[in-house]
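There's a structure below that I have some questions on.
The values are calculated or read from the model by the stated rules, or taken from the named source; none is laboratory data. Note that this is a predicted model, so its numbers are computed, not measured. Note: ideal-geometry Cβ built from the backbone for every residue, glycine included; neighbour counts use all protein chains shown. For accessibility, only protein heavy atoms count, side chains too; no ligands or nucleic acids. Shrake-Rupley method; radii C 1.70, N 1.55, O 1.52, S 1.80 Å.
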Amino acid sequence: MSVIDIHNHFFPRAWPDLAARYGTPNWPWIKHTEPGKAEIMIGDRFFRHIYSACWDPQKRLEEMDRDGIEMQALSATPVLFGYDRPVEHALDCAQLFNDAALELCAQGKGRLRSLCQVPLQDVDAACKELSRCMRAGHLGVQIGNHVGEKNLDDPGIVTFLHHCADEGAAVLVHPWDMFGQSRMPKYMMPWTVGMPAETQLGIVAMILSGTFDKLPRSLRICFAHGGGSFAFLLGRLQNAWQHHPVAHGVSELAPKDYLNRFYVDSAVFDTLALKYLVDTMGAERVMLGSDYPFPLGEHHVGELIRTSDLSQHTKSCLLGENAEEFLGLRATTPGQSTATIKRTEPIQSEGHPLTYSSYLRVPELLQLQHPQSRPEHHDELLFIIVHQTYELWFKELLHDLDAVVANLQDAGKNPESHDEVYEAARLLRRCTEITRVLVEQFTILETMLPTHFLAFRGKLEPASGFQSEQFRELEFLCGLKDEKMLRYHRPTPEAHAQLERRLKEPSLHDVFFEALHAMGKLQIDRDAGERERFDARARAVLSLYRDEHSNRDWIDVCERLTEFDELVVGWRLRHIQLVERVIGTRMGTGGSAGSSYLKLTLDKKFFPELWEARTLLTE
Ligand code: HEM
């Protein structure tokens, strides 16, 4: 059974100062108060407490696992809509958050998908941004239930909804900017009273204005918070429609006949209310929506549905099947199960076979470059892409080196088998070739003039290569473990935790020598000091080289490890040359002395015993 939450929110960890960016006050900003906690501020005004689930994909995944949720379709929050701002500001703001949503989802192991936001005050801009977002990988859009005085029956908004149907975009309508706030200054009444009424108004406006008659049936639209007060007051609406011509509107059918044209979510927080909602709307029209991770959201997502008295069939419709339909995730190929969404598989949109672009996630990839300079400096894109390319290769290196470690561990356990040693050497060869490319790649960045880099360098602080989690992981994995370096990862708890894990795990250096020990090639006295242990390890390597005939496969591993070590030193050297070429001997953005600090790292070696063995050989 698939379990999908279609109504939950995110906030990026940080975003640019919008008030400064647009020169207008009272934009939302995030104030981090303590690790994992923050406040959303609107200008000087406190708006809401939030915690790391808003921005940290790992935390979200952990809590999804805790609650048994397979997938979330996340959206930004209405305070970011900006419908009352100049369209260029609202569009820019929408793009920032839409791209941030994709970045977050990209780390969600296929379990996080997103709905975008658009500047709905301008139909053309809204349609264009929706199309861009759909191409980039969003599943649909979250909109407010009104734009100022305009309800959802406004011709411009109807055009936009038409466009959503054409694009196959799911639409989540969220109440916002609640009316009557001067009479509801206290007790969160805008949320508890205003929001349900706003949502009801949105649905009623669409029904009575004949908007549903004009829109294609293919439009998939859902109203948040169980549709607000709509279901409970449907009888009243129906009664007015029948008995008061003025309440009739221009719809072709009675209000009750439009219930199959829209969905509502399950965020009603009461089993009786949920049962009533399902009885009114039908089991195929209600979907799990939680308002997670906000304080007013469901605290154990899905609990209301799971603990209700609804039938198993109804529960599975509410928990996931309806959402598959709504989000356009349902497989339509004959014979294919409709309820299978594998966590890690790329998700295909309705009826589309895998393509080059969908397999490689090209649209998402091309959305991941966000220059900070304004006006944008031409070379900043190169700077970002070169670094991103390094990080991708670091990922592959970690992947391969982890496999080398596993093979060497197996080789130690089974000295008679040569397959694992062969495989370790084969993968190490790949690692050396990748590293060779990484050494070369710096030349591309050297086509950037120092003056050009200085033009946007100020925007990068305090970001620094010190914070490359994967680089440090590589060092730790190979055996250069330095706990002090963890301090650069305090701002990113998930990176910090991953590095702590690496610190505890056996390194490539450890498993290599453990394998030699298991094969009887390395003997170390229990009471031996550090220097004696080092010498013993170097002598073990020496013994391998002295009997080339018997140890060809292990010598091959030694040669690959030595070459890898050599190439990493080459990387360090080329990086220093690049740094000096671009910023001379200035300090780094991470606070180090710059090139003079980096020069100290040139002596670092992963496998010093392999080098020592060379000295011993010649003695
Ligand atoms: C204009 C280009 C670059 C400049 C000026 C530069 C500058 C620096 C400086 C000054 C440091 C020392 C730490 C600090 O104080 O910030 C550093 C560290 C680092 N940089 Fe770069 N860098 C550049 C490009 C790159 C590239 C393309 C990569 C590729 C991943 C990279 C990865 C690193 C790493 C991993 C460290 C940490 C090294 C260690 O601790 O041993 N840098 N960089």
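Which value, in debye to the nearest 20, describes the size of the charge dipole of the stretch 150-242 about its Cα centre when Lys and Arg Cβ atoms bear +1, Asp and Glu Cβ atoms bear -1, and nothing else is charged? Provide the component values of the computation, followed by the final result.
Details: 7 positive and 7 negative charges, 63 e Å.
With only Lys, Arg, Asp and Glu charged at Cβ, the dipole is about 300 debye.
While we're on this one: Could you give the Stokes-Einstein D for the stretch 488-619 in µm² per second, using the C-alpha Kirkwood radius, 20 °C, 1.002 mPa s? Display every interim value, and only then the final one.
Working: Rh = 17.5 Å.
D, rounded to a whole number, is 123 µm²/s.
While we're looking at this one, here's another question. With the Cα gyration tensor of the stretch 24-122 giving a ≥ b ≥ c as the square roots of its eigenvalues, does the rule (a/c under 1.5 for rounded; else a/b larger than b/c for prolate; else oblate) give rounded, prolate or oblate? Walk me through the intermediate numbers first.
Details: a/c = 2.67, a/b = 1.39, b/c = 1.92.
In terms of gyration-tensor shape, oblate.
Using only the alpha carbons of the stretch 156-196, what is the convex hull's orientation-averaged projected area in square nanometres? Don't skip to the end; give the middle numbers.
Details: hull surface 14.8 nm².
The orientation-averaged projected area of the Cα hull of the stretch 156-196 comes to 3.7 nm².
So if I average 1/r over every pair of distinct C-alpha atoms in the chain and take the inverse, what Kirkwood radius in Å does that give?
Computed over the chain, the radius equals 27.8 Å.
Students sometimes get this wrong: rank Leu499, Leu460, Leu600 by accessible area, probe 1.4 Å, all chains present, largest first. Before the final figure, lay out the partial values.
On the way: Leu499 0, Leu460 35, Leu600 130 Å².
The most accessible residue leads, giving Leu600, Leu460, Leu499.
Next question, about the same structure. Once the piece of chain linking Glu303 and Asp17 is laid out straight, how much longer is it, given 0.36 nm per residue of separation minus the C-alpha distance between them? Walk me through the numbers before you get to the answer.
On the way: separation 286, 0.36 × 286 = 102.96 nm, distance 3.79 nm.
So the extension gain works out to 99.2 nm.
Based only on the alpha carbon positions, what is the Kirkwood hydrodynamic radius of the stretch 105-196, in angstrom?
Details: mean 1/r = 0.0689 Å⁻¹.
This gives a value of 14.5 Å.
Which value, in Å² and to the nearest 10, is the accessible area of Val286 when all protein chains are kept and the probe is 1.4 Å?
It works out to around 0 Å².
In a Debye calculation with equal point scatterers on the alpha-carbon sites of the stretch 2-73 and no solvent, what is log10 I(q)/I(0) at q = 0.18 Å⁻¹?
The calculated log intensity ratios at q = 0.18 Å⁻¹ are -0.76.
How high is the relative contact order of the chain, given as a whole-number percent (alpha carbon pairs under 8 Å, six or more residues apart)? Don't skip to the end; give the middle numbers.
Working: 950 pairs, mean separation 64.9, N = 619.
Here the relative contact order equals 10 percent.
In Å³ and rounded to a whole number, note down the convex hull volume per residue for the Cα atoms of the stretch 399-523.
Working: hull volume 15.6 nm³, N = 125.
Residue-normalised Cα hull volume stands at 125 Å³.
Viscosity 0.692 mPa s, temperature 37 °C: Stokes-Einstein D of the stretch 115-269 from its Kirkwood Cα radius, in µm² per second? Working shown, then result.
On the way: Rh = 16.0 Å.
Stokes-Einstein gives a translational diffusion coefficient of 205 µm²/s.
At 37 °C and 0.692 mPa s, what whole-number value in µm²/s does Stokes-Einstein give for the translational diffusion of the stretch 409-481, with Rh from the Kirkwood sum over Cα pairs? Mind dumping the intermediate values first?
Numbers: Rh = 16.0 Å.
Taking Rh from Cα pairs, D becomes 205 µm²/s.
Follow-up question, since we're still on this one. Using a simple spin-label model with points 7 Å from Cα along the Cα→Cβ vector, what separation in nm is obtained for Glu461 and Leu449?
The answer from the label model is 2.4 nm.
Find the accessible area per residue for the chain; the probe is 1.4 Å, ligands and nucleic acids are left out, and the unit is Å². Intermediate results must be reported in sequence, preceding the final value.
Details: 29230 Å² over 619 residues.
So the chain comes to 47 Å² accessible per residue, rounded to a whole number.
To continue, here is another question. Counting only protein heavy atoms and using a 1.4 Å probe, what share of the accessible area of the chain belongs to carbon plus sulfur, as a whole percent?
Values: 15860 of 29230 Å².
Ligands and nucleic acids excluded, carbon and sulfur reach 54 percent.
Related question: Beyond 17 Å, how much of the Cα-Cα pair distribution for the stretch 225-320 remains, as a whole percent? Could the numbers behind the result be given before it?
Values: 2366 of 4560 pairs.
For the stretch 225-320, the share of Cα pairs beyond 17 Å comes to 52 percent.
Given a Förster radius of 30 Å and the C-beta distance between Asn260 and Val193 as r, what FRET efficiency does 1/(1 + (r/R0)^6) yield to the nearest 0.05? Before the final figure, lay out the partial values.
On the way: r = 29 Å, r/R0 = 0.95.
Given R0 = 30 Å and the Cβ-Cβ separation, E is 0.55.
If you take all C-alpha pairs in the stretch 188-262, what percent of them are over 14 Å apart?
On the way: 1677 of 2775 pairs.
Distances greater than 14 Å cover 60 percent of the Cα pairs.
Follow-up. Rounded to the nearest angstrom and ordered from largest down, what semi-axes does the equivalent ellipsoid of the stretch 117-157 get from its C-alpha gyration tensor (root of 5λ)? Please report the intermediate quantities before stating the final value.
Working: eigenvalues 80, 21, 10 Å².
Ellipsoid half-lengths, sorted descending, are 20, 10, 7 Å.
Here's another thing I want to ask about it. Quick one: what are the phi-derived ³J(HN,Hα) couplings along the stretch 437-447, Karplus 6.51/-1.76/1.60 with θ = phi - 60°, whole Hz, x for glycine and proline?
Couplings: 5, 5, 5, 5, 4, 4, 4, 5, 5, 6, 7 Hz.
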